[in-house]
Amino acid sequence: QSTKRTPADIEPIALKISQNAEVGDLIFRKGLNTESDIITYISHSPFSHIGMIVSLEPLSVIHATTDDDKNAPNQVIISSLENFLAQAQAVGLRRLDLPQEIRVAMARDSLHYLAKPFVLSTDSTRFYCTTFLLEVISQQTEFEVDFINVDFAFLGGEYLFPSAFWNHQKTLKVLEVSEF
């Protein structure tokens, strides 16, 4: 069901993001697949995935993902903004309410996680898009979030959703594009 966006779809949104983004910003998307619909439904959120901007020239996003790069499945990768947006139907940008040098340090620290395996679990081995960023952010500042208890036949336990970051008091909304 997942079909990628065309460059023509992405270009105006990519331009808007690049005009507003800073290193260390959190970038959100609602994907084009069924899993994304389930995540947004469970979390009552407009977004199902999250990454962090690690460079502006070119604008690049680090994130833990299962299938954004078929040559690097189930791990932390860096994607171009265009590749990140190719699987989006909505996108948002939030900034941690911290000094710029701390946000830049977080982005730099996140690079140590490249290629770390994606683990969707409810135990201490869990490592997916949100838990990855929670770990990075928590190294620099106190950042408490709420996990959501999920009770589905195929998925049960406590999970951390992008909504915990989108709605967090220590993040400031920079940009939101509901549908494109």
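The values are calculated or read from the model by the stated rules, or taken from the named source; none is laboratory data. No experiment lies behind these values; they were computed from the predicted model shown. Note that each Cβ is placed from the backbone with ideal geometry, even for glycine, and that neighbours are counted across all protein chains shown. For accessibility, only protein heavy atoms count, side chains too; no ligands or nucleic acids. Shrake-Rupley method; radii C 1.70, N 1.55, O 1.52, S 1.80 Å.
Couple of notes before you dig in:
- Extreme residue, farthest from Leu15 (Cα to Cα), among residues of the stretch 92-111 that are touching a helix residue (DSSP H, G or I) at 6+ places or on another chain (Cβ under 7 Å) and part of a helix (DSSP H, G or I): Asp109
- Search result, residues across the stretch 140-180 that are loosely packed, with under 12 Cβ neighbours inside 10 Å, of a type in the set (S, T, N, Q) and either touching a helix residue (DSSP H, G or I) at 6+ places or on another chain (Cβ under 6 Å) or not in a loop (DSSP other than H, G, I, E, B) (or both): Asn149
- Only residues that are assigned to a strand (DSSP E or B) and surrounded by fewer than 19 Cβ atoms within 10 Å (Cβ to Cβ) were counted in the stretch 1-37, giving 0.
- Residues (open to solvent by less than 40 Å² (accessible area, probe 1.4 Å) and out of contact with any Ser or Thr (no Cβ under 7 Å at 6 or more places or on another chain)) located in the stretch 82-93: Phe84, Leu85, Ala86, Ala88, Gln89, Val91, Gly92, Leu93
- Taken over the stretch 64-82, the criterion of being among the polar types (S, T, N, Q), modelled with pLDDT of 95 or more and within 18 Å of Ser36 (Cβ to Cβ) is satisfied by Thr65, Asn74, Ser79.
- Whether a residue is buried (at least 17 other Cβ atoms within 10 Å of the Cβ) and of a type in the set (S, T, N, Q) was assessed, and Thr131 passes this test.
- Unique residue being open to solvent by 30 Å² or more (accessible area, probe 1.4 Å) and touching an Asp or Glu at 6+ places or on another chain (Cβ under 8 Å) when the list is Pro46, Pro99, Pro58: Pro46
- Checked against the criterion of being in a loop (DSSP other than H, G, I, E, B), of a type in the set (Ser, Thr, Tyr) and free of Cβ contacts under 8 Å to residues at least 12 places away in the same chain, the candidates Thr40, Thr125 yield just one match: Thr125.
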